[in-house]
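This report concerns only the one structure given below.
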């Protein structure tokens, strides 16, 4: 599975109402914790075998976009942070060590 990058609002608008869940991983490449959590997630079965959309948002390059996304979804901006959207609704979010592939998978299963 490969990440698709988010770098403009139009990208988010193109997938926000998709019929399958979409996962946004907000990542800061300068942060050791963010890098560790990203690597841990990339090692998960959910990421390796998932058929969902996996989107990577670099918060250093696209901070205004990250802030706008946080405002739109009514969550606090954090990094690392995972946001899972299904049919335009936020069904799961977590940050830092709270990012757990098993919990994400359960949220996706429960939303369908």
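The values are calculated or read from the model by the stated rules, or taken from the named source; none is laboratory data. Just so it is clear, the structure is predicted and the values come from calculations on it, not from any experiment. Here the Cβ positions follow ideal geometry from the backbone for every residue, glycine too, while neighbour counts run over all protein chains shown.
Just to be sure, is residue 14 under 28 Å from residue 112 (Cβ atoms) and without any contact (Cβ under 8 Å) to a residue 40 or more places away in the chain? Yes; evaluated as a whole, the condition is true for this residue. Within segment 67-76, the only residue that satisfies the criterion of being touching a residue at least 40 places away in the same chain (Cβ under 8 Å) and closer than 11 Å to residue 26 by Cβ is 69.
Of all residues in segment 58-81, how many are in contact with a helix residue (DSSP H, G or I) (Cβ under 9 Å, 6 or more places away or on another chain) and either within 12 Å of residue 22 (Cβ to Cβ) or in a helix (DSSP H, G or I) (or both)? Residues flagged as in contact with a helix residue (DSSP H, G or I) (Cβ under 9 Å, 6 or more places away or on another chain) and either within 12 Å of residue 22 (Cβ to Cβ) or in a helix (DSSP H, G or I) (or both) within segment 58-81 amount to 4. Residues in segment 1-41 that are part of a loop (DSSP other than H, G, I, E, B), modelled with pLDDT under 90 and over 11 Å from the mean Cα position of the chain (by Cα): 9 in all. So, in segment 82-112, how many residues would count as being in a strand (DSSP E or B) and touching a strand residue (DSSP E or B) at 6+ places or on another chain (Cβ under 8 Å)? Counting residues in segment 82-112 that are in a strand (DSSP E or B) and touching a strand residue (DSSP E or B) at 6+ places or on another chain (Cβ under 8 Å) gives 11. Every test in (1) farther than 23 Å from residue 14 by Cβ; (2) loosely packed, with under 13 Cβ neighbours inside 10 Å; (3) free of Cβ contacts under 8 Å to residues at least 60 places away in the same chain is passed by residue 97 save one, and that test is (3).
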